[in-house]
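The values are calculated or read from the model by the stated rules, or taken from the named source; none is laboratory data. None of the values given here were measured: they were computed from a predicted structure. Please note: Cβ atoms are built from the backbone with ideal geometry, for glycine as well, and neighbour counts cover all protein chains shown. For accessibility, only protein heavy atoms count, side chains too; no ligands or nucleic acids. Shrake-Rupley method; radii C 1.70, N 1.55, O 1.52, S 1.80 Å.
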Amino acid sequence: MIERCVILKLWMEEVWALALSQLVDRKLLSRRRARRFLERRSGEMEALLRGSGIELRSLEIELERLKRVGIEVIPITSPAYPPQLRRLSSAPPALFKMGGCDLIGRSVAIVGTRTPSSEGKRIARELSGLFCRSGFVVVSGLALGVDGEAHRGT
């Protein structure tokens, strides 16, 4: 639940900031009015979250924790979000990224069962290592099993 709210908060902030910056760039809105609007939106966001039983401070703590361990949250509205993935009707609202990879370049997803055989684990590690050495970014749902072995292989 808290992860969904973190994503929602980031997504809403980014959407509003992007929309307002475009209005400011086109000289349809002053920077001062845009800043005041964002401040009001922040208060409304806090009220919305409180209505769902989550305090804004707990979201901020979660975002700080993610940042501390090196995890970046990339909302679907971000230019860093892979455009091919964004086009899917079932695209995730945000990605959690760890490391210095570029998600816009060549990538391959390696996913599978949580309980792979020894051979399945070995193949996942070898394939992901091969893709990594060939310049691909290896992505997965970070689940146990095949997904974890794929990341070990990179």
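Residue 61 to residue 98: FRET efficiency via 1/(1 + (r/R0)^6), r the Cβ-Cβ distance, R0 25 Å, to the nearest 0.05?
0.85
Tell me the accessible surface of residue 33 in square angstrom (1.4 angstrom probe, heavy atoms of protein chains only), to the nearest ten.
Per-residue accessible area (residue 33): approximately 140 Å².
So what's the gap between the Cα centers of the range 119-154 and the range 82-106, to the nearest angstrom?
With the range 119-154 and the range 82-106 each reduced to a Cα centre, they are spaced 17 Å.
Estimate the FRET efficiency between residue 118 and residue 87 by the formula 1/(1 + (r/R0)^6), using the beta-carbon distance for r and 30 Å for R0, to the nearest 0.05.
The computed FRET efficiency comes out at 0.20.
Could you work out how far apart the two model spin labels at residue 71 and residue 152 are, taking each label as a point 7 Å from the Cα in the direction of the beta carbon, and quote it in nm?
The modelled label-to-label distance comes out at 2.1 nm.
Enumerate the calculated ³J(HN,Hα) couplings along the range 99-116 in order (Karplus 6.51 cos²θ - 1.76 cosθ + 1.60, θ = phi - 60°), each rounded to whole Hz, writing x wherever the residue is Gly or Pro.
x, x, 8, 9, 7, 7, x, 6, 9, 9, 9, 10, 9, x, 5, 7, 10, x
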